[in-house]
Amino acid sequence: MRFVLMMAAVALGAVAVAAQTPAPAPGPELKVGDQAPDFSLHGKTYKLSDFKGKQTVVLAWFPKALTSGCTIECKSLAEHGDMIRAYKVTYFMASVDPLEKNIEFAKATSVPLGQRVVEKKEADFPILSDPTKETATAYGVLGAQGFANRWTFYIGKDGKILAIDKTVSAHVATSAEDMAAKLGELGVDKK
């Protein structure tokens, strides 16, 4: 009995210490018109500054590779990316997953999700990795659980934020169509 009480006290102490451990500091609240934070993310290394003055960039953050919503979003972008590529734009998906996990996710054509399997094309666009979470923090997308929120940033040729879509989770199956519609609404040049 004394052992059980001692273990309970140790467990309560660990909970108390965990409760006192500060959560990651929230990133800035970026808004339309703000200068987008530069990034250097891996897949192949891509830097936002390399696109400045050349073309619009779309950065679609997602929580976790090989999960339901993220797979459906990736499937939409892979199957209907031609709608996005009709514009002078470079688009990426990005998460805080390790690079190896995002490479696996990009190449996957069949993703088991519980009792069902989602078939998808290989991603024909870069899926970037931010395992240090520095860029996710700079964009303000890092959630309390340590995953990125599913937000999409539209960044103009001048490096300023044109739009932020924080409602992507409500329509992941039409991500490509919605992205193309937003690019048109923003007046991004077509090819």
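The values are calculated or read from the model by the stated rules, or taken from the named source; none is laboratory data. Quick caveat, the model's predicted, so the values are computed rather than measured. Neighbour counts run over all protein chains shown; Cβ positions are idealised from the backbone, glycine included.
Could you please find all residues in the stretch 97-110 being in contact (Cβ under 8 Å) with a residue 12 or more places away in the chain and touching an Asp or Glu at 6+ places or on another chain (Cβ under 8 Å)?
Phe105, Ala106, Lys107, Ala108, Thr109
The conditions are (1) in a loop (DSSP other than H, G, I, E, B); (2) of a type outside the set (Ser, Thr, Tyr); (3) in contact with a His (Cβ under 9 Å, 6 or more places away or on another chain), and Gly187 fails exactly one of them. Which is it?
(3)
With touching a helix residue (DSSP H, G or I) at 6+ places or on another chain (Cβ under 7 Å) and touching a residue at least 60 places away in the same chain (Cβ under 8 Å) as the only criterion, which of Ala136, Ala163, Ala123 stands out?
Step by step, each of Ala136, Ala163, Ala123 is checked, and only Ala163 is touching a helix residue (DSSP H, G or I) at 6+ places or on another chain (Cβ under 7 Å) and touching a residue at least 60 places away in the same chain (Cβ under 8 Å).
Taking the stretch 147-162, which residues are assigned to a loop (DSSP other than H, G, I, E, B) and either crowded, with 22+ Cβ neighbours inside 10 Å or more than 12 Å from the chain's Cα centre (by Cα) (or both)?
Arg150, Gly156, Lys157, Asp158, Gly159
Tell me yes or no: at least one residue of the stretch 166-174 is among the small types (Gly, Ala, Ser) and either at pLDDT 95 or above or assigned to a loop (DSSP other than H, G, I, E, B) (or both).
No, the stretch 166-174 contains no residue that is among the small types (Gly, Ala, Ser) and either at pLDDT 95 or above or assigned to a loop (DSSP other than H, G, I, E, B) (or both).
Name the residue, out of Gly146, Gly187, that is free of Cβ contacts under 8 Å to residues at least 12 places away in the same chain and on the phi > 0 side of the Ramachandran plot.
Sole residue among the options that is free of Cβ contacts under 8 Å to residues at least 12 places away in the same chain and on the phi > 0 side of the Ramachandran plot: Gly187.
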